[in-house]
1. How high is the FRET efficiency from Thr217 to Val32, r the C-beta distance, R0 30 Å, rounded to 0.05?
2. State the extension gain, in nm to one decimal, for the chain segment bounded by Ala241 and Glu408, taking 0.36 nm per residue of separation less the distance between their alpha-carbons.
3. Two decimals is fine: what is log10 I(q)/I(0) at q = 0.15, 0.16, 0.25 Å⁻¹ for the stretch 153-198, from a Debye sum with one equal scatterer on every Cα and no solvent?
4. Counting only Cα atoms, I'd like the Rg/Rh figure for the stretch 295-338, Kirkwood definition for Rh.
5. Over the chain, what number does the Rg to Rh ratio reach, with both radii from the alpha-carbon atoms and Rh per Kirkwood?
6. In bins 5 Å wide, starting from 0, what share of all Cα pairs of the stretch 302-369 does each bin hold, as a percent?
7. So, in nm, how far is label Lys206 from label Lys83 when the simple model puts each one 7 Å beyond its Cα toward the Cβ?
8. Name the residues whose placed amide hydrogens come within less than 5 Å of the amide hydrogen of Glu161, ignoring near sequence neighbours (fewer than 5 apart) on the same chain.
Amino acid sequence: MMHRRNFLQSVGAGFGMYGLAGVLQAANPLAVKAPHFPAKAKRIIYLFLNGGPSQVDTFDPKPMLTKYHGKPMPTANLKTERKTGNLMRSPFEFRRCGKSGIEVSEIFPKLGNVIDEFCVIRSMHTDRPNHEPSLLMLNSGDKLPGRPSMGSWMTYGLGSENQNLPGYVVLCPGLPVLGHQNWAANFLPAVHQGTYVPLGEKDPKKLISHIRNSSLTPEKQRLELDLLEKLNRHQMVKEGADPQLEATIQAAEIAFRMQTEAPEAFDITKEPETVRARYGDGDFGRGCLIARRLIERGVRMVQVYHGNFQPWDNHDDIELHRPLADQSDGAIAALIQDLRASGLLDETIVLVGGEFGRTPAVEVGGLVKVQNGRDHNNHGFSYLVAGGGFKGGTVYGATDDFGFAAVEKKVHIHDLHATVLNQMGLDHTKLTYRHSGRDYRLTDVAGNVVREIVT
């Protein structure tokens, strides 16, 4: 049944309404949009070491830990999620790397060789010491679910340079804590949600399965899709705007266009064997190589999770950081080297880090079998940022003498988000979306651009 108002729209103002339908059909939410001001970067690769890597065992050496090893912390112990004991030195040696002489743990020898490309932020901090709220804060700027992810904000604000591929892609062999919520668009139009691709498959045909229609030619698919879209548009003219239906239309369009380019983009066998060897044959290495191929083709943001669930969550034995670093070290270095060689690093931001750090003290709770691990630590941890106008070969901020808490030039997650958006040409206070009676943004009502680490 058609309501009187809809009837008048269709008959009395029918030509105008059908004109509007034509405008709606022409609109593309992923079309490239102008930034607020000239940008230093155009795209982002986010290498997420899920689980919380230990800053004092990777990028923030603390000689005082060796001096006070096995002793209580001489200053007040900060609140942690679980019970911790005495201080524990790092089992790994640090060495000065590159022309900058930045100290990097021995477990990252190849990354150390490219450390001059990175700004090492040693004063990160966040709000909670447990995974779920910290993952949400890192990915969407809030401790609670329901906010859009950073990649969703990026495509909402800037669109995507390649309409044959998703603007925001997430690569993970399984699922991290909270799964798809980490890359959700939530109240933004659904077309901005991250496209999840599981990395467990090596065969590119299985990696993005069902991308091609085996029963219809592209020409017949196009006719079918056009008819379906006309019916959907007619429905919206009759009943009014429908965000979910609009998202369905756009998703179908992207899926159709992906047939032409996605199979080749995800097929790393197109790369020389020597290149693939540098990245490694593990999930993370293949993910880094795919990420490079995607941003080369204009994808706005790619997030690569290291492993399923939370592999860096080493409560039991911090020695497990060594094999984890071995899985990621060569891939990160190869990615940076290739981006630098092609000139893409200048306009690509590469983020490396986890949801928080770990305590400098040993964990002594009853939940672990080996008493050689560290608990979660949200008070101070490290992040690496390269490219896109970030100042390489520099160290910013500091934790205390034991690596427990950020004390100098502290950088909150909101500040990191504000700075990344700034380099992408976006004012974080102006990138907003009206929802439930208020304007929302990635940085909520906080965040400051850290001017000292960017050009």
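1. E between Thr217 and Val32, to the nearest 0.05, is 0.50.
2. Computed gain between Ala241 and Glu408 is 55.1 nm.
3. Taking Cα atoms of the stretch 153-198 as identical point scatterers yields -0.38, -0.43, -0.94.
4. For the stretch 295-338, the value is 1.08.
5. Radius of gyration over Kirkwood radius for the chain works out to 1.02.
6. Reading the bins upward from 0: 3, 12, 20, 21, 14, 12, 8, 5, 3, 1, 0.
7. With each label placed 7 Å out from Cα toward Cβ, I get 4.6 nm.
8. Arg300
Any read-out appearing in this document is the output of simple, stated calculations on the displayed coordinates, not a laboratory observation. Everything quoted here is computed from the prediction, not taken from an experiment. Quick reminder, even Gly has a Cβ in these numbers, built from the backbone with ideal geometry, and neighbours come from all protein chains shown.
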